[in-house]
Structures are given as structure tokens and as C-alpha cells.
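The values are calculated or read from the model by the stated rules, or taken from the named source; none is laboratory data. Remember, predicted model here, so these are calculated numbers, not experimental data. Glycine also receives a Cβ, built like all others from the backbone with ideal geometry; neighbour counts cover every protein chain displayed.
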Amino acid sequence: MVEVDIMLKIDTTFEKVWNIISKIENDRNYWKGIVRIKNISNDRNVVEREIYLANGNKYHQKITLFPKEGIHIRWTKGTVTGTKDIMLIDGGNTTIVRVQINYKPRGAVRIGSRGILEELQSQTENALELIKKEAECKPYGTMKNKI
């Protein structure tokens, strides 16, 4: 079992962060390695899908969106199974995003090695930084020009 637990403070409202992370069809913009997403079913707040990674591996995910709380992703088929939870904590003008990953290897994959753990931590930190950058982005024209 490999476990990752990372938190990041984003200087914007909960709603803005939720609007970014809840658009799960855009996951490949944040999570490294996803090259294709194929939705299998969508029933209100539960989505089942297949994701394809750059290394050729295919995974099945069941995603549950909990508005005003976060997202629960269960990896059910593939060389890795387990969960990824993305939770939000509303701080008014700031939002804390917490990602907890618990993956278990299947077959020949050995995810317990230090290199894999470091890679998952790096990917998670990178995804959170990309989400932060988008969420904190100021719309064009809101900056006052100084002359």
C-alpha cells in the first residue's frame, strides 16, 4: 500500500476551487499521465469512467462528487486499485485542498518502492499547484495600470 497526504492553501473562494475540481472531464489538465478519458456512465453525482495513461495502462474509476465537500475516486480495475480523495475546507477567502491517496499494487507492479511514492507525491503536488494557479488567476482587466 502506498499513501500520500498533501494539503495546499489556495487564496480564493471555495466555490471557485470547487468549480475547477468538479469538472472531472478536465482531470488530464492537472494529473500527469492521463491521455484519454472515456465516460461509461453518469448518474447525477456518480461517474464511472476509464482513463488511459501515457504508459498504455487503462484503469476503471468510480467517482463520487460530494458538493461542498470534495471528490472520492475509487480505482477498481487496472494494475493499481485504491482511492484518491480530494477534500475542500472553506476558509472564506481561502480554501484548503487536501488530497489523500491510498493505492494498492496488483500483479507485477511494485508501488511500494521509494521511487513510486516520490513520483505520486510529485504528481499530486504538481496537480495542486496547477489548480491553485488557475483558481488564483485574476481575470484580464482587473489589474489597475500604474503610470
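Looking at Glu25 and the list (1) part of a helix (DSSP H, G or I); (2) under 17 Å from Lys132 (Cα atoms), which single condition is not satisfied?
Exception for Glu25: condition (2).
How many residues, within region 29-62, are in a strand (DSSP E or B) and farther than 21 Å from Gln123 by Cα? Step through it out loud before you land on a result.
First pass over region 29-62, keeping only residues in a strand (DSSP E or B): 34-43, 46-53, 58-62.
Filter again for farther than 21 Å from Gln123 by Cα, leaving 38-43, 46-48.
Residues that pass the stated criteria total 9.
Could you check region 63-82 and list, in sequence order, the residues that are surrounded by 15 or more Cβ atoms within 10 Å (Cβ to Cβ) and either among the hydrophobic types (A, V, I, L, M, F, W, C) or within 20 Å of Val2 (Cβ to Cβ) (or both)?
Ile63, Leu65, Ile71, His72, Ile73, Arg74, Trp75, Gly78, Thr79, Val80, Thr81, Gly82
Residues that are under 19 Å from Thr124 (Cβ atoms), surrounded by 15 or more Cβ atoms within 10 Å (Cβ to Cβ) and at pLDDT below 95: does region 7-24 have at least one? Before the answer, list the steps.
If we filter region 7-24 for residues that are under 19 Å from Thr124 (Cβ atoms), which is where we start, we get 7-10, 17-18, 20-24.
Cutting the leftovers down to surrounded by 15 or more Cβ atoms within 10 Å (Cβ to Cβ) gives us 8, 10, 17-18, 20-22, 24.
Going one step further and asking which of them are at pLDDT below 95, we end up with none.
So far as region 7-24 goes, no, none of its residues is under 19 Å from Thr124 (Cβ atoms), surrounded by 15 or more Cβ atoms within 10 Å (Cβ to Cβ) and at pLDDT below 95.
Could we say that Ile34 is at pLDDT 95 or above and either loosely packed, with under 15 Cβ neighbours inside 10 Å or among the β-branched types (Val, Ile, Thr) (or both) here? Please lay out each step first, then the result.
Working: at pLDDT 95 or above: no; either loosely packed, with under 15 Cβ neighbours inside 10 Å or among the β-branched types (Val, Ile, Thr) (or both): yes.
The answer is no for Ile34.
From the list Val2, Val47, pick out the single residue that is closer than 16 Å to Lys84 by Cβ, surrounded by 17 or more Cβ atoms within 10 Å (Cβ to Cβ) and in contact (Cβ under 8 Å) with a residue 60 or more places away in the chain.
Details: Val47 fails: in contact (Cβ under 8 Å) with a residue 60 or more places away in the chain.
After ruling out the rest, the residue left standing is Val2.
Of the conditions (1) at pLDDT below 95; (2) in a helix (DSSP H, G or I), Lys68 clears all except one; give me its number.
(2)
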